[in-house]
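**Student:** I have a structure here, written as structure tokens, and I will follow up with some questions on it.
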Amino acid sequence: MRFTLRQLEYFIAAGQTGSITLASERIHISQPSISTAIAHLERELSVQLFVRHHAQGLTLTPIGREVLREAKALVEQAEGLYTLASEAGGQVRGPLSLGCMVTLAPMLVPELAHAFTTAFPATQIRYVEGDQEQLITGLRRSETEVALTYDLHVPDDIHFTPLVDLPPHVLVAEGHPLAEHAAVAMADIVDEPMILLDLPLSREYFLALFMAEGLQPKIAARSAHQEVVRTMVANGHGYTLFNVRPRSDLALDGKRLRRVRLAGTHRPMRIGLARLKQLNRSRLVEAFETHCRAFISDAYIPGMVAPAIERRVPR
């Protein structure tokens, strides 16, 4: 066999994303390395795996789809050897496929993953970001083993382990008239222009907060990118509602933001770990879940101001 499991992994990433660029971002490998691996597999197997579309990505050929299915099975079997060995030897080792909510990933994953692989040097974490629908699909397709996400419409076939609640708050520019308020009610902001975080299920959550009080916000702009929303707010385009609390109060352009408590009782977003119920937890997944419970709580959240800390800070 004159190809490697690593080359198969690169091919799988390209096949699943339909793009060398997206595959590179997913598995954190350079684009030339992925292209070289695919070309090697095509030469070795004497088949064309992809149809290349200029500036439009890749499409699997019929034989490419078959090879992708077999390649995934082969890589999963190989990774199973690590699981088998670690279970027998009582060790925690091998690769962990982790999904993470796109709005949480920049804050949670770097510190959490580094601490875990430091504690368990024989492990590796491969992570992908996505919205809630993408993360659930990834679990069902066995593309990921566990996902850090919110308790938003969790299906019956998914097990969810809660870690910490994040109440909603109002985010405004430093010079906004509401910036110095200790708290504001939904009625105080409903007539102000809103910049909506436009992600599947997340947008429904934020709009439901208004609907619960018989209100309808004035949406001035939408974006699926958290930092775009933050920067628009910092530049005075309007306010937004968020649950995440980054430790930095600066938008990407350096302008300052202010968090204001949302008065009243509102359903929080709950961060937790999601996994497919029908799959037995490996020792690796159990160790990661234990690690997350130790690292994420009301008193401490990687990359964020924890709720307990914020409650003690006077305005």
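**Student:** Can you name the strands (runs of 3 or more DSSP E) wholly within the range 182-248 that have at least 2 residues being closer than 19 Å to R267 by Cβ, open to solvent by less than 20 Å² (accessible area, probe 1.4 Å) and not aliphatic (A, V, I, L, M)? If you could, list the steps in order and put the result at the bottom.
**Tutor:** Working: elements: 193-197, 218-223, 240-242.
In the range 182-248, the matching strands (runs of 3 or more DSSP E) lie at 240-242.
**Student:** Could you give every pair whose Cβ atoms fall below 8 Å, whose first residue belongs to the range 19-37 and is in contact (Cβ under 8 Å) with a residue 24 or more places away in the chain, and whose second residue is assigned to a helix (DSSP H, G or I) and hydroxyl-bearing (S, T, Y), counting only separations of at least 6 or pairs across chains?
**Tutor:** What qualifies is I20/S35; R26/T17; I27/Y10; I34/Y10; I34/S24; A37/Y10.
**Student:** If you don't mind, there's one more thing I want to ask. Got a number for residues in the range 262-299 being open to solvent by less than 50 Å² (accessible area, probe 1.4 Å) and not in a loop (DSSP other than H, G, I, E, B)? Please lay out each step first, then the result.
**Tutor:** Within the range 262-299, the first condition is being open to solvent by less than 50 Å² (accessible area, probe 1.4 Å), and the residues that meet it are 262-263, 266, 268-269, 271-276, 282, 284-285, 287-289, 291-292, 296-297.
Filter once more, keeping what is not in a loop (DSSP other than H, G, I, E, B): 262, 269, 271-276, 284-285, 287-289, 291-292.
Number satisfying all stated conditions: 15.
**Student:** Restricting attention to the range 59-87, which residues are open to solvent by 60 Å² or more (accessible area, probe 1.4 Å), at pLDDT below 75 and of a type outside the set (F, W, Y)? So that I can check it myself, show each step before the final result.
**Tutor:** First, the residues of the range 59-87 that are open to solvent by 60 Å² or more (accessible area, probe 1.4 Å): 59, 62-63, 65-66, 69-70, 74, 76-77, 81-82, 84, 87.
Next, only the ones that are at pLDDT below 75 stay: 81-82, 84, 87.
L81, L84, E87 - these are the residues of the range 59-87 that are open to solvent by 60 Å² or more (accessible area, probe 1.4 Å), at pLDDT below 75 and of a type outside the set (F, W, Y).
**Student:** Do we have any residue at all in the range 250-257 that's out of contact with any Ser or Thr (no Cβ under 8 Å at 6 or more places or on another chain), of a type outside the set (G, A, S) and touching a residue at least 60 places away in the same chain (Cβ under 8 Å)? Steps first, answer last, please.
**Tutor:** First pass over the range 250-257, keeping only residues out of contact with any Ser or Thr (no Cβ under 8 Å at 6 or more places or on another chain): 250, 254, 256-257.
From the residues that got through so far, the ones that are of a type outside the set (G, A, S) too are 250, 256-257.
Now restrict to residues that are touching a residue at least 60 places away in the same chain (Cβ under 8 Å): 256-257.
Scanning the range 250-257 turns up at least one residue that is out of contact with any Ser or Thr (no Cβ under 8 Å at 6 or more places or on another chain), of a type outside the set (G, A, S) and touching a residue at least 60 places away in the same chain (Cβ under 8 Å).
**Student:** So which of P162, P167, P177 ends up being under 26 Å from T231 (Cα atoms), in contact (Cβ under 8 Å) with a residue 60 or more places away in the chain and surrounded by fewer than 21 Cβ atoms within 10 Å (Cβ to Cβ)?
**Tutor:** Numbers: P162 fails: under 26 Å from T231 (Cα atoms); P177 fails: in contact (Cβ under 8 Å) with a residue 60 or more places away in the chain.
Exactly one of P162, P167, P177 is under 26 Å from T231 (Cα atoms), in contact (Cβ under 8 Å) with a residue 60 or more places away in the chain and surrounded by fewer than 21 Cβ atoms within 10 Å (Cβ to Cβ), namely P167.
**Student:** Which is assigned to a loop (DSSP other than H, G, I, E, B) and of a type in the set (K, R), of R2, R26?
**Tutor:** Numbers: R26 fails: assigned to a loop (DSSP other than H, G, I, E, B).
Of R2, R26, the one residue that is assigned to a loop (DSSP other than H, G, I, E, B) and of a type in the set (K, R) is R2.
**Student:** Against the definition (buried (at least 19 other Cβ atoms within 10 Å of the Cβ), touching a Lys or Arg at 6+ places or on another chain (Cβ under 9 Å), among the aliphatic types (A, V, I, L, M) and part of a helix (DSSP H, G or I)), how does I38 come out, yes or no?
**Tutor:** Numbers: buried (at least 19 other Cβ atoms within 10 Å of the Cβ): yes; touching a Lys or Arg at 6+ places or on another chain (Cβ under 9 Å): no; among the aliphatic types (A, V, I, L, M): yes; part of a helix (DSSP H, G or I): yes.
The answer is no for I38.
**Student:** When the range 99-132 is examined, which residues are found to be open to solvent by 10 Å² or more (accessible area, probe 1.4 Å), in a helix (DSSP H, G or I) and β-branched (V, I, T)?
**Tutor:** If the condition is that a residue be open to solvent by 10 Å² or more (accessible area, probe 1.4 Å), in a helix (DSSP H, G or I) and β-branched (V, I, T), then T117, T118 are the ones that fit.
**Student:** Give Q226, Q216 a once-over and let me know the one that is touching a residue at least 24 places away in the same chain (Cβ under 8 Å) and either in contact with a Lys or Arg (Cβ under 7 Å, 6 or more places away or on another chain) or closer than 28 Å to L112 by Cβ (or both).
**Tutor:** Q226
**Student:** Follow-up question, since we're still on this one. Is it fair to say P302 is within 21 Å of A147 (Cβ to Cβ) and surrounded by fewer than 19 Cβ atoms within 10 Å (Cβ to Cβ)?
**Tutor:** Working: within 21 Å of A147 (Cβ to Cβ): yes; surrounded by fewer than 19 Cβ atoms within 10 Å (Cβ to Cβ): no.
No, not satisfied.
**Student:** Restricting the search to the range 189-202, which residues are of a type outside the set (S, T, Y) and either free of Cβ contacts under 8 Å to residues at least 40 places away in the same chain or more than 18 Å from H237 (Cα to Cα) (or both)?
**Tutor:** Here is the first cut: in the range 189-202, the residues of a type outside the set (S, T, Y) are 189-201.
Scanning the range 189-202 gives V190, D191, D198, L199, P200, L201.
**Student:** Do you know which residues across the range 251-261 are more than 17 Å from T103 (Cβ to Cβ) and surrounded by fewer than 16 Cβ atoms within 10 Å (Cβ to Cβ)?
**Tutor:** D253, G254, R256
**Student:** Taking E143 and the conditions (1) more than 19 Å from N243 (Cβ to Cβ); (2) at pLDDT below 95; (3) in a strand (DSSP E or B), which numbered condition does it fall short on, given that it satisfies the others?
**Tutor:** Of the numbered conditions (1) more than 19 Å from N243 (Cβ to Cβ); (2) at pLDDT below 95; (3) in a strand (DSSP E or B), the odd one out for E143 is (3).
The values are calculated or read from the model by the stated rules, or taken from the named source; none is laboratory data. In this text, all values refer to a predicted model and were calculated from it rather than measured experimentally. Using ideal geometry, Cβ is built from the backbone for each residue, glycine included, and neighbour counts are taken over all protein chains shown. Surface accessibility is based on the protein's heavy atoms, side chains included, excluding ligands, DNA and RNA. Shrake-Rupley method; radii C 1.70, N 1.55, O 1.52, S 1.80 Å.
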